[in-house]
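Here the structure is laid out as structure tokens; the discussion comes afterwards.
The values are calculated or read from the model by the stated rules, or taken from the named source; none is laboratory data. Remember, predicted model here, so these are calculated numbers, not experimental data. With ideal geometry, Cβ positions are generated from the backbone for all residues, glycine too; neighbour counts draw on all protein chains shown. With ligands, DNA and RNA removed, areas are computed over all heavy atoms of the protein, side chains included. Shrake-Rupley method; radii C 1.70, N 1.55, O 1.52, S 1.80 Å.
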Amino acid sequence: MFKRYTKSGVQRILRRCAPDIESAARAYGVPQACIRAILYQELTAMDWLDSIADLAVGCYWRFHSLWDRLSLPAKRDSSTGYGQIFAATAIQAIDFAYAQGIRDLPLPAPVDKSRSLGAVWRRLHRDVHFNIRCVALCLLHAAAEMTGSTDFGALSPEELQLVFTRYNANSKSITRYGKETYAHYQTFQGDSL
């Protein structure tokens with residue numbers, strides 16, 4: 001593994017992104033500590049080899065008409081940006097929020113996945129503000145799916161670990177990722193960055 005960011009580098013990124021984190025937390029009712037925990041977990045795990053997946057998806061969307069015409073195998077989606085989010089996952093989260101009556105969304109909803117996958121992936125890849133808002137929406141969607149509630153203040157430690165687990169994997173039981181992210185969450189609860 002060739003780590004892309006050091007822990008101190010990730011802390012600098014989180015400080016630089018503080019206004020976006022605060023804005024997303026306020027807009028969607030997701031605690032800043034949850035958003036920071038996910039970003040910290042993803043950024044510290046990111047390595048330079050992740051760029052290869054991004055390159056493959058970027059090439060596909062740049063030349064997708066050619067790929068489709070020639071029926072070439074292609075990678076259409078991958079986790080990308082600071083929150084390491086798949087475009088399909090972001091679209092699901094945006095549509096979920098729209099169905100819940102949230103209208104301050106990072107793009108118009110409902111989203112036509114078949115027509116918007118490439119555009120959403122590119123925004124996740126390039127636009128930090130958009131990516132962080134999608135982190136919050138993905139957490140909101142994960143909370144509803146795993147606990148039946150989007151009230152983060154009412155979630156138990158186990159439920160938060162399930163939410164963090166769901167952000168990363170389709171699992172009904174707490175994973176190592178969920179436990180590690182919860183530990184970061186506890187650190188960020190008292191940290192003002």
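Results, tabulated for the structure shown:
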{"quantity": "Reachable aspartates and glutamates from Lys172, criterion Cα separation under 20 angstrom, eight or more residues apart if same chain", "calculated": "Glu145, Asp151, Glu158, Glu159, Glu180"}
{"quantity": "Residue pairs, from the table Lys3/Lys113; Lys7/Lys75; Lys3/Lys75, whose Cα atoms sit over 25 Å apart", "calculated": "Lys3/Lys113; Lys7/Lys75"}
{"quantity": "Using θ = phi - 60° and Karplus 6.51 cos²θ - 1.76 cosθ + 1.60, couplings along segment 153-167 (whole Hz; Gly, Pro as x)", "calculated": "x, 9, 7, 6, x, 5, 5, 4, 5, 5, 4, 5, 4, 5, 4"}
{"quantity": "√(5λ) per eigenvalue of the Cα gyration tensor, the chain, largest first, Å", "calculated": "27, 20, 15"}
{"quantity": "Computed over segment 1-60: relative contact order in percent, which uses C-alpha pairs under 8 Å that are six or more apart", "calculated": "55"}
{"quantity": "Segment 57-151 - Kirkwood radius from inverse mean 1/r over Cα pairs (Å)", "calculated": "13.9"}
{"quantity": "Relative contact order of the chain, defined on C-alpha pairs under 8 angstrom at six or more residues apart (%)", "calculated": "23"}
{"quantity": "Rg(Cα) / (2.2 N^0.38 Å) computed for segment 1-57, rounded to two decimals", "calculated": "1.27"}
{"quantity": "Estimated [θ] at 222 nm from DSSP helical runs (n ≥ 4, -39500 (n - 2.57)) normalised by residues in the chain, nearest 500", "calculated": "-21000 deg cm²/dmol"}
{"quantity": "Cβ crowding within 10 Å averaged over residues, with 31-41, 146-156, 14-24 ranked highest first", "calculated": "31-41, 14-24, 146-156"}
{"quantity": "Nearest-0.05 FRET efficiency for Phe63 and Val128, computed from C-beta distance (R0 25 Å)", "calculated": "0.45"}
{"quantity": "Candidate residues Ser173, Ser78: accessible-area rank, largest first, probe 1.4 Å", "calculated": "Ser173, Ser78"}
{"quantity": "Theoretical gain in end-to-end length, Thr187 to Ala119 [0.36 nm per residue, Cα-Cα removed]", "calculated": "21.0 nm"}
{"quantity": "Global geometry of segment 127-193, whether rounded, prolate or oblate, following the gyration tensor of its Cα atoms and the 1.5 cut on a/c", "calculated": "rounded"}
{"quantity": "Length gained when the stretch Thr6-Ser173 is fully extended (0.36 nm per residue, less Cα-Cα span)", "calculated": "57.2 nm"}
{"quantity": "Order by protection proxy (mean Cβ within 10 Å, highest first), peptides 84-92, 53-61", "calculated": "84-92, 53-61"}
{"quantity": "Highest average packing first - 131-141, 100-110, Cβ atoms within 10 Å", "calculated": "131-141, 100-110"}
{"quantity": "Global geometry of segment 12-117, whether rounded, prolate or oblate, following the gyration tensor of its Cα atoms and the 1.5 cut on a/c", "calculated": "oblate"}
{"quantity": "Spin-label pair Asp112/Ser156, simplified geometry with 7 Å Cα→Cβ offset, distance in nm", "calculated": "4.5"}
